[in-house]
Amino acid sequence: MSGKSDKKKPLVPRLRFPEFREAGAWEVKRLGEVCEINPSTGDLPDNFIYIDLESVVAGQLVKKQKISKEGAPSRAQRVLESGDVIYQTVRPYQKNNYLFDLSDGNRYVASTGYAQFRAHDSENFLFQLIHTDSLINKVLSRCTGSNYPAINSSDLSKIQVVVPRTDEQQKIAHCLSSLDEVIGLQAKKVQALKQHKKGLMQQLFPAEGETTPRLRFPEFREAGAWEFIPLEAIAPLVNDRVQLKDISNVNYVSTENILQDFGGVAVANKLPTVNSVSSFQAGDVLLANIRPYLKKV
């Protein structure tokens, strides 16, 4: 099929709610036409909850830090209103974005590490839209930097997206938001299990300075004390270097791409500007040597 014919294909999703099957094609717009990006928000409140780049994880606000205007960092500039979406412009593949809808009496201000979106139609649809693979890939292709890929708000505003009319936006957003609620409930269960595991680990491994754990399986209660040995005796350090020019279809992982709390890895979108890298294989353990307290393993 020719490129000219492709341009005439109607822009419609493969799955559509029955009431919108005859609603026509979606419309191509720039992101800056779908929402106002970094709207003027006036002066900072005297006191507010500051949202920095570590405050949001996978759409959830995990940290609240109340500060005064006088003690605020220079990056505290995005004064939030209900319905605003904040978009992580640094390492956007992490998808640590947030739809602000809190009404607890506090004012909230986000870091300039986020772009602030104020939707013209449905903020819930906008929040789902920014997590589509299509948009994320477009964002990553415009990012600069390898270890800390980032995009500026001007480039964000120019990214093309496809959107339906408002009532279809709302229908899609309601469907996907309902699933997000289910996922959120499951996430709370997972977090509870993580806390349970943490408690078990503290008992199944000896405390600092001790050689016997407090909790032991019945068959090992008479097995004696644990033994001190060098880590390399059970896990030798491997540093197999390969030349980038000698390999193809490589997935590159840096310490920044190892997710915290044993969350796995996110493959970087760009290769490093070096000649060689370390290779690894199934069964290897990757341990980030930067900020080890984040448990990036």
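Read-outs throughout are calculated quantities, based only on the coordinates presented, and are distinct from any laboratory measurement. This one's a predicted model, so the numbers in the text were calculated from it and none came from an experiment. When we count neighbours, we look across all protein chains shown, and the Cβ atoms used for this are built from the backbone with ideal geometry, even at glycine.
Some observations on this one:
- Computed lengthening from Phe220 to Gln191, 0.36 nm per intervening residue step minus Cα-Cα distance: 7.5 nm
- Label separation (Ser154 vs Ala233): 6.0 nm, computed from points 7 Å beyond Cα along the C-beta direction.
- Of the trypsin sites (Lys or Arg not before Pro) found in the stretch 83-170, those in coil by DSSP whose Cβ has at most 13 other Cβ atoms within 10 Å are Arg165.
- Inter-label distance for Ser134 and Glu19, nm, one decimal - labels placed 7 Å from Cα along Cα-to-Cβ: 2.3 nm
- Listed peptides 185-193, 119-127 by packing density, highest first (mean Cβ within 10 Å): 119-127, 185-193
- Residue (of Ser154, Tyr108, Ser82) at the positive-pole extreme of the stretch 12-180, dipole from beta-carbon charges: Ser154
- Derived scalar couplings between HN and Hα for the stretch 184-192 equal x, 5, 5, 4, 5, 5, 4, 5, 5 Hz in order, rounded to whole Hz, by the Karplus curve 6.51 cos²θ - 1.76 cosθ + 1.60 (θ = phi - 60°), x for Gly and Pro.
- Phi angles of the stretch 114-127 translate, via the Karplus equation with coefficients 6.51, -1.76, 1.60 and θ = phi - 60°, into HN-Hα couplings of 10, 8, 9, 10, 10, 5, 7, 10, 9, 5, 5, 5, 4, 4 Hz per residue; Gly and Pro are given as x.
- Overall, the stretch 12-180 carries a charge dipole of about 520 debye about its Cα centre when +1 sits on the Cβ of Lys and Arg and -1 on the Cβ of Asp and Glu, all other atoms neutral.
- For Ile51, the residues 5 or more places off, or on other chains, whose built amide H falls under 5 Å of its own are Val109, Ala110, Ser111.
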